[in-house]
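For reference, the structure discussed in these notes is given below.
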Amino acid sequence: MAARRSVGNVFINILIVLWPVQAYISPGPSLDDDMLLPFSSFKKWPRHSHRHVRDCQPVIFGNTTHETFPGHTDSSVVPPSTTRYFVTTFVDSHGLARHGYGHYTVVDNPLKTVSVVEPGGPNGCIDRRRNTVVKTSQVRSCYTAVNAGFFNTQTGACLGNVVTDGRRVQDSGGIQNVNFGIRKDGTIVVGYLSELDVLQEDNPFVQLVTGVIWLVRNGTVYVNESKITECADVQETGTLSRTYVNLLLVMTRN
């Protein structure tokens with residue numbers, strides 16, 4: 001969510017929210033409407049080391065397993081975010097023209113306007129709450145709210161790294177899945193992090209959330225590289241390559 005950049009994929013139940021303006025609330029979802037049914041067990045998440053991630057990525061990225069971007073800092077911009085809608089035409093596998101509909105949001109001054117919020121608000125991960133985007137957005141009177149972060153659908157436990165407003169709720173213990181975060185100096189971080197990166201104290205994360213599959217890296221599709229890196233074939237939705245990537249990520253983009 002760097003300034004003048006569109007940010008795509010965020011996932012379940014922990015929210016990245018923009019505040020403090022009145023929330024936009026969609027009417028009538030059920031508790032399960034905004035779930036992607038992710039991993040069956042946190043203990044079964046991929047146990048690749050950070051070195052594995054570094055060694056398996058394309059050589060053009062060198063030893064850097066994540067990207068950093070300077071955050072926009074002009075607090076005079078109102079509103080804090082702008083959403084734009086688009087329609088694109090493509091040809092499907094049968095040679096037929098199809099239309100795809102989407103939108104993206106550009107966030108201004110993200111250090112001051114973006115928060116990762118636990119499901120239902122503070123202590124949502126400890127209490128293992130399950131809440132929709134709509135209900136959680138009301139806790140912070142969000143201007144914009146989106147899904148972010150995975151959870152165990154059997155226990156309700158939050159999965160991966162979670163830092164909200166400077167408070168470290170939990171860390172993944174070095175398990176390698178893609179992250180989105182904002183550091184204290186406003187730097188935006190996207191990608192794979194070592195445990196030392198997550199626990200860094202001199203410029204700590206003030207917001208951090210873990211997802212699965214890095215869709216785009218520096219303007220280039222990065223899905224295949226992510227599949228090799230994350231190797232997470234234990235979701236409740238099936239294998240990472242054949243079900244999660246091919247079906248659910250398409251659903252989140254459409």
(message) Could you derive backbone 3J(HN,Hα) for the range 95-105 from the dihedral phi with the Karplus parameters 6.51, -1.76 and 1.60 (θ = phi - 60°), listing whole Hz in sequence and x where the residue is Gly or Pro?
(response) x, 9, 6, 10, 10, x, 10, x, 8, 9, 10
(message) Can you tell me how the range 79-165 classifies by the Cα gyration tensor, rounded, prolate or oblate, using a/c under 1.5 as the rounded cut?
(response) oblate
(request) In whole Hz, with x marking every Gly and Pro, tabulate ³J(HN,Hα) for the range 209-220 from phi via Karplus 6.51 cos²θ - 1.76 cosθ + 1.60, θ = phi - 60°. (result) 8, 9, x, 9, 6, 8, 6, 9, 10, 6, x, 10
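Throughout, read-outs are computed from the coordinates displayed, never taken from laboratory work. For clarity, every value in this text was computed on a predicted model and none was experimentally measured.
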